[in-house]
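Working notes, structure below.
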Amino acid sequence: MKIAEFLSPQAVIPELTARTKAEVLRELSQALSRAHAGLRVERVVEVLQEREKLGSTGIGEGVAIPHGKLGGMVQLQASFGLSREGVDFDAIDGKPTHLFFALVAPENSAGIHLKALARISRLFKNPVFRAAILEARTAEDIYRLIAQEDAKA
Amino acid sequence: MTTSEPYATALLLVIFGLLMAVSAVFSRASGRLGVPVALLFLIIGMIAGREGVGGVAFDDYRFAFRLGTVALTLILFDGGLNTPLSAVREGARPAAVLATVGVAATALLVAVGARMLFGLEWMHALLLGAVVSSTDAAAVFAVLRSSGIQLKRRVGATLELESGLNDPMAAILTLSLTEALSRGEPLTWHLALEVGMQLAMGGVLGLGIGYAGRALLTHVRLPAAGLYAVLTFSLAFLAYGLPTLVEGSGLLSVYVVAVVLGNGKLPYRTGLIRIHDALAWLSQVAMFLVLGLLVFPSRLLQVAWLGVGLGLLLGVLVRPLVVTLCLLPFRFRWKEVLYISWVGLRGAVPIIFATFPVLAGVTGADALFHIVFFIVVVNSLVPGTTVKWVTHRLGLQAHVPPAPQAVLEIASMKDLHGDVLPFYIDEASAVAGSSLADIPLPAGATLMLLVRGDELVGPRGDTVLQPQDHVYVFCRPEDRALVQLLFGRLEEE
């Protein structure tokens, strides 16, 4: 599975304007629906929030992977957002979160959805990669970095 | 009735046995009403007292103070054991400000109110302020838990740490003021120095005893599992006793020791935690019953207006003002500030502290004791009965799933390298609806047990996880983040 299959450059936000958890989720959802016509922002925000209620998807080290399942989708879709300032995302290590990778999957695609989550979380474990993304300035740069890192493993 | 032994002891045991049983049994009802359980114990004690139906004659303030101190030690110790390091990291700074500057400001403002509005003498007013200046961890969390409320982490951590850390400060102020009053000495700036010294001493000795205790517990080999509890128990007593003997804050030390122990490797961890939880409950019940026995309803009437007035002043004006100012530098949302202001529940601590001036023979201490009673009652009833409503209005709650029918725990003498994480499968969990074979668990991790309704299911590759399942996942500590990401809601123990 390649991340490029479900993340497109249009869905990358090089500088999030959001300052709160709710705003981040909204901005990521907007990017998702921009890149994939047919995804309604409200619905995406809703499923992401439902998941956050169970416990933050902020997995620590400044990374969060908000995700959810949506009926009527054909395939996995993702968006990515960067906040240099950092947002309080209730992350499990209590630190501010900078890198956000949002993922929505069709209702019945459990296996692929889970594999993508595991893959993304493994990718972002690499501190060199995280630092490089924080340095990137444009959506294209970020996208390229993610694709490169993805090709390595 | 005969007073010769063994009848006297037997009578005592019967009385206390009955009182404790009644207290324990009724605790459920009080939880549903949002009335702090502790208050109920206190009232049962009052009813049993000399002026109540029980007619138990008891006015031994010294015994009450001793019992109160032991009880408080065990309660703080239990609180510390259950305080995770993450909570310390998140809540330490705001809680430290609330527990020092906040306590002093609260004491001062209550004193000003008591002086200006009710005409108390300055020294009495200050003493009163000091006595009621700390919040009660047990009360706050009993109310939260029994109303099924889970708070946002930072808010919960701040409240919890604040209530663990502010008792020492209030104790130091109370003792110093009592001493000054009973000797007729004026207050000087030495008080501030004294407070700093005692806190520093308590903190440092607490760390020392904590780390020494941790080393002892991990290295010593005892013949029976129960003896490890004796050891932690003794550490709790030493943690209070040693610093107090050398003019350090014993209460701070107890809390610090427990936090250090709780976050280290403990032999028979689950068992020890249970035992200290039980001891803390026993302490609560015993302490409140005894304090209830000390309260005389007839004397309460004389100070009713004063007590209720000051109680409201503290809860509605002083606490919100102090909390708002103290939390200014920490960028809390206004809702969270409001919340922390509102749930500053008072518990037994002020009542225990109030016995101290009585013991020291301060004039008017008896009236003070009864005023404090009112302040505590008002400041646990008002927030206690409204906390559920307030939490929902402010939208700070996280909803809590039902507890599983079975709980899996590993009892081990050594701390093993690995975590057993309990999860509740929600509709929104990523793993809901997938078979176990589809879950990309990290190497070495496994799903150990599935609890579905009343049934235990042995997990197989083709077992499909359904919403409302409870599962236990074993993994290495470094894989926790991924496992939590996949499974969603970690269950409270």
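Yes or no: region A:119-127 includes at least one residue that is more than 12 Å from the chain's Cα centre (by Cα), more than 10 Å from chain B (Cβ to nearest Cβ), assigned to a helix (DSSP H, G or I) and touching a residue at least 40 places away in the same chain (Cβ under 8 Å).
yes
Conditions tested, residue by residue: (1) within 14 Å of chain B (Cβ to nearest Cβ); (2) farther than 20 Å from B:Glu427 by Cβ; (3) surrounded by fewer than 20 Cβ atoms within 10 Å (Cβ to Cβ).
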position	(1), (2), (3)
A:Lys2	no, yes, yes
A:Ser8	no, yes, yes
A:Gly38	no, yes, yes
A:Gln49	yes, no, yes
A:Glu52	yes, no, no
A:Gly62	yes, yes, no
A:Ile65	yes, no, no
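Could you tell me whether A:Leu32 is under 27 Å from B:Ala157 (Cβ atoms), aliphatic (A, V, I, L, M) and more than 9 Å from every other protein chain (Cβ to nearest Cβ)?
So A:Leu32 does not fit the description; no.
Which condition breaks for A:Ser56 when tested against (1) at the interface with another protein chain (Cβ under 9 Å from one of its Cβ atoms); (2) outside any loop (DSSP other than H, G, I, E, B)?
So the condition that A:Ser56 fails would be (2).
Just the residues that are within 14 Å of another protein chain (Cβ to nearest Cβ), touching a helix residue (DSSP H, G or I) at 6+ places or on another chain (Cβ under 6 Å) and assigned to a strand (DSSP E or B), please, taken from region A:68-92.
Across region A:68-92, the qualifying residues are A:Gly68, A:Leu70, A:Val87.
From the list B:Gly129, B:Gly113, which residue is surrounded by 23 or more Cβ atoms within 10 Å (Cβ to Cβ), in the same structural domain as B:Lys388 (by TED's automatic domain parsing) and in a helix (DSSP H, G or I)?
B:Gly129
Given the conditions (1) within 14 Å of another protein chain (Cβ to nearest Cβ); (2) in contact with a Gly (Cβ under 9 Å, 6 or more places away or on another chain); (3) touching a residue at least 40 places away in the same chain (Cβ under 8 Å); (4) surrounded by fewer than 22 Cβ atoms within 10 Å (Cβ to Cβ), which single one is not true for A:Phe100?
(4) is the only condition that A:Phe100 fails.
Just give me the residues in region B:444-493 being over 17 Å from B:Val420 (Cα atoms) and of a type outside the set (A, V, I, L, M, F, W, C), in sequence order.
Hits for region B:444-493 are B:Arg452, B:Gly453, B:Asp454, B:Glu455, B:Arg460, B:Gly461, B:Asp462, B:Thr463, B:Gln466, B:Pro467, B:Gln468.
Conditions tested, residue by residue: (1) touching a residue at least 24 places away in the same chain (Cβ under 8 Å); (2) buried (at least 19 other Cβ atoms within 10 Å of the Cβ); (3) of a type outside the set (A, V, I, L, M, F, W, C); (4) facing chain A (nearest Cβ under 9 Å).
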residue	(1), (2), (3), (4)
B:Leu436	yes, no, no, no
B:Ile439	yes, yes, no, yes
B:Gly453	yes, no, yes, no
B:Leu456	yes, no, no, no
B:Gly461	yes, no, yes, no
B:Gln468	yes, no, yes, no
B:Val483	yes, yes, no, no
B:Gly488	yes, yes, yes, yes
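Hey, A:Leu25 hits all of (1) over 15 Å from the mean Cα position of the chain (by Cα); (2) under 28 Å from B:Glu478 (Cα atoms); (3) aliphatic (A, V, I, L, M); (4) more than 9 Å from chain B (Cβ to nearest Cβ) but one; which does it fall short on?
Failing condition for A:Leu25: (1).
Of the residues A:Ala105, A:Ala132, which is out of contact with any Pro (no Cβ under 9 Å at 6 or more places or on another chain) and either facing another protein chain (nearest Cβ under 9 Å) or in a strand (DSSP E or B) (or both)?
A:Ala105
Would a scan of region B:21-38 turn up a residue that is modelled with pLDDT of 85 or more, among the small types (Gly, Ala, Ser), in the same structural domain as B:Thr355 (by TED's automatic domain parsing) and in a helix (DSSP H, G or I)?
There is at least one residue in region B:21-38 that is modelled with pLDDT of 85 or more, among the small types (Gly, Ala, Ser), in the same structural domain as B:Thr355 (by TED's automatic domain parsing) and in a helix (DSSP H, G or I).
For region B:228-250, give me each residue that is more than 16 Å from B:Asp277 (Cα to Cα), surrounded by fewer than 14 Cβ atoms within 10 Å (Cβ to Cβ) and aliphatic (A, V, I, L, M).
B:Leu245, B:Val246
Do we find a residue being farther than 28 Å from B:Leu18 by Cα, in contact with a helix residue (DSSP H, G or I) (Cβ under 6 Å, 6 or more places away or on another chain), touching a residue at least 40 places away in the same chain (Cβ under 8 Å) and in the same structural domain as B:Arg214 (by TED's automatic domain parsing) anywhere in region B:267-275?
yes
Which residues, counting only those in region B:177-212, are surrounded by fewer than 19 Cβ atoms within 10 Å (Cβ to Cβ) and among the hydroxyl-bearing types (Ser, Thr, Tyr)?
B:Ser182, B:Thr188, B:Tyr211
I need the full set of residues from region A:13-39 which are part of a helix (DSSP H, G or I) and among the hydroxyl-bearing types (Ser, Thr, Tyr), in order please.
Listed by number, the residues that qualify are A:Ser29, A:Ser33.
Within region B:448-488, count every residue that is within 19 Å of A:His113 (Cα to Cα) and outside any loop (DSSP other than H, G, I, E, B).
Going through region B:448-488 one residue at a time, the tally reaches 10.
The values are calculated or read from the model by the stated rules, or taken from the named source; none is laboratory data. Since this is a predicted model, take the numbers as computed values, not measurements. Here the Cβ is made from the backbone with ideal geometry for all residues, glycine too, and neighbour counts use every protein chain on show.
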